[in-house]
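Chemist: Here it is, the structure, as structure tokens.
The values are calculated or read from the model by the stated rules, or taken from the named source; none is laboratory data. This structure is a prediction, so every number in the text was calculated from the model and none was measured. Because the Cβ atoms are built from the backbone with ideal geometry, glycine has one as well, and the counts that use them run over all protein chains shown.
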Amino acid sequence: MFLNASKNIQGLSDEYESSFSEDFESDFAVFEEGLNHIARYIESFESKSNEMWLVFRHEGVSLSKVIYTVEDVIDNAGEEKLETAKLVQILRPSKWWRWLKTTEAGKQEMRIVIHQLLMALKACHSRNVTHRDIKPENMVVCFEDAETGRCLKGVPSGDRNYTIKMRIIDFGSAVDDFTMKHLYGSSGPTRAEQTFEYSPPEAFLNASWHQEPSSRRLKYDMWSVGVVILELILGSPSVFQISPKTQALLDPHIQGWNEDLKELAYKLRSFMELCILIPGSSSNHPCGVQMQLRDSPASWKCSEEFFSQQIKSRDPLKTGFPDVWALRLVRRLLLWDPDDRLSVDEALDHPYFKQVPKG
């Protein structure tokens, strides 16, 4: 696995390696389990264009490749227009995803994957490193065969004895105090280095979010974890997608806006539907989003039951969360204010993980 790193790292590597090695050695015993869920570095080399490349061990396949299957669909193909038809690829939930959702063993496996993700982030956050790009594409899973210790090819069948192991990869967007000072400077990281669908509100509404204390920056990843869990529940990467009917009702109010602002308006509306953005309650938030109750298009009450029904209605299987603890965990992660979100340690102590085996 390769990660393209900025050539600026080269001039700083010696200074950083020295301080990191000391911290690493002293903390290794404490965080060893968490490090078991992070991609393993092998070596680095410099390309002819003076870019530094980091080489990581091949650890399996991305989670997105096992929860989705790709289906080729011909778009707008009439018999007389076959030669001009476009081939479109559509993501569909896989058989493995349906197994995760509909069996007790699958629900337990989902719990284990989420727990391992949090353990990986614990190792990062304990060193004040914010990954900033947590998503299924950057979560590599290995179905480790109990006999050979090797990753099975493809998704295992019911008769195979295996253990699922997950590692996070791609630290190209990661930040800590050192990189913020020596690599990014006062301007900070750009929005181009983050994935919009998994970014928290402060990252795309507050240009100076990176200047917040590290304890608040770390909550970036916790939001992303909440989105990943919802994606596993819904079997779709479009977690914050509004219905065509809602979009049709909203469009007359945003006529003339550019596409970026329209996309933001749709997302904020979805946040309202999922009780993340509550009209009238966000005027004091640092992101600066203000909404008046009398003009609010939200007529519902943000109860636990309402949130549960919203997720069920978007779930193709109409089952929603596996239990109330999964629902409550997601609600504690997808909170508007970073200070209100669970920390990684608080999330690991959540009742949802009571049945996760050790090791």
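Chemist: Could you list, in sequence order, all residues of region 159-195 that are within 26 Å of Trp53 (Cα to Cα), at pLDDT 85 or above and part of a loop (DSSP other than H, G, I, E, B)?
Modeler: Ile169, Asp170, Phe171, Gly172, Ser173, Ala174, Asp176, Thr195
Chemist: Of all the residues that make up region 302-331, how many are in contact (Cβ under 8 Å) with a residue 60 or more places away in the chain and basic (Lys, Arg)?
Modeler: Going through region 302-331 one residue at a time, the tally reaches 1.
Chemist: With respect to Gln211, determine if the residue is in the same structural domain as Arg132 (by TED's automatic domain parsing) and under 13 Å from Glu273 (Cβ atoms).
Modeler: Working: in the same structural domain as Arg132 (by TED's automatic domain parsing): yes; under 13 Å from Glu273 (Cβ atoms): no.
Here the answer is no, as Gln211 does not meet what is asked.
Chemist: Check Ser13, Ser19, Ser49, Ser26 and return the single one that is of a type in the set (Ser, Thr, Tyr) and either in a strand (DSSP E or B) or at pLDDT 80 or above (or both). Don't jump to the end; show me each part of the working.
Modeler: On the way: Ser13 fails: either in a strand (DSSP E or B) or at pLDDT 80 or above (or both); Ser19 fails: either in a strand (DSSP E or B) or at pLDDT 80 or above (or both); Ser26 fails: either in a strand (DSSP E or B) or at pLDDT 80 or above (or both).
On inspection, the qualifying residue turns out to be Ser49.
Chemist: Something else now. If only one of Gly149, Gly154 is under 14 Å from Leu63 (Cα atoms) and surrounded by fewer than 22 Cβ atoms within 10 Å (Cβ to Cβ), which one is it? Spell out the reasoning first.
Modeler: Values: Gly149 fails: under 14 Å from Leu63 (Cα atoms).
Selected residue: Gly154, the only one of Gly149, Gly154 that is under 14 Å from Leu63 (Cα atoms) and surrounded by fewer than 22 Cβ atoms within 10 Å (Cβ to Cβ).
Chemist: Please find, among Ala203, Ala207, the residue that is more than 11 Å from the chain's Cα centre (by Cα), of a type in the set (A, V, I, L, M) and part of a loop (DSSP other than H, G, I, E, B). Break it down stepwise before answering.
Modeler: Working: Ala203 fails: part of a loop (DSSP other than H, G, I, E, B).
On inspection, the qualifying residue turns out to be Ala207.
Chemist: Among the residues of region 121-138, what is the count of those that are in a loop (DSSP other than H, G, I, E, B) and hydrophobic (A, V, I, L, M, F, W, C)?
Modeler: The first filter runs over region 121-138 and keeps only residues in a loop (DSSP other than H, G, I, E, B), leaving 126-129, 131-135.
Then drop every residue that is not hydrophobic (A, V, I, L, M, F, W, C), which leaves 129, 134.
Total meeting the criteria: 2.
Chemist: Out of all the residues in region 302-309, is one or more in a loop (DSSP other than H, G, I, E, B) and at pLDDT 95 or above?
Modeler: Our first condition is that a residue be in a loop (DSSP other than H, G, I, E, B); within region 302-309, this holds for 302-303.
Filter again for at pLDDT 95 or above, leaving none.
Within region 302-309, none of the residues are in a loop (DSSP other than H, G, I, E, B) and at pLDDT 95 or above.
Chemist: Considering only region 137-166, state which residues are in contact (Cβ under 8 Å) with a residue 12 or more places away in the chain and either among the basic types (Lys, Arg) or closer than 25 Å to Arg216 by Cβ (or both).
Modeler: Here is the first cut: in region 137-166, the residues in contact (Cβ under 8 Å) with a residue 12 or more places away in the chain are 137-147, 151, 155-156, 160-166.
Correct list: Asn138, Met139, Arg160, Lys165.
Chemist: Please work out which one of (1) of a type outside the set (Gly, Ala, Ser); (2) surrounded by fewer than 16 Cβ atoms within 10 Å (Cβ to Cβ); (3) touching a residue at least 12 places away in the same chain (Cβ under 8 Å); (4) farther than 24 Å from Trp97 by Cβ is the condition Leu342 fails and give its number.
Modeler: (2)
Chemist: Answer yes or no: is there a residue in region 255-263 that is buried (at least 17 other Cβ atoms within 10 Å of the Cβ) and not basic (Lys, Arg). Please lay out each step first, then the result.
Modeler: Start the filter on region 255-263 by keeping residues that are buried (at least 17 other Cβ atoms within 10 Å of the Cβ), which leaves none.
No: zero hits.
Chemist: Still on this structure, please answer the following. Give all pairs with beta carbons closer than 7 Å in which a residue from region 89-104 that is touching a residue at least 24 places away in the same chain (Cβ under 8 Å) and over 11 Å from Val66 (Cβ atoms) meets a residue that is outside any helix (DSSP H, G or I) and acidic (Asp, Glu); count only pairs at least 6 apart in sequence or on separate chains.
Modeler: Final answer for the pair search is Arg92/Glu71.
Chemist: Also, I was wondering about something else. Tell me which of these Tyr198 doesn't satisfy, since it passes every other one: (1) at pLDDT 95 or above; (2) out of contact with any helix residue (DSSP H, G or I) (no Cβ under 7 Å at 6 or more places or on another chain).
Modeler: So Tyr198 meets the others, but not (2).
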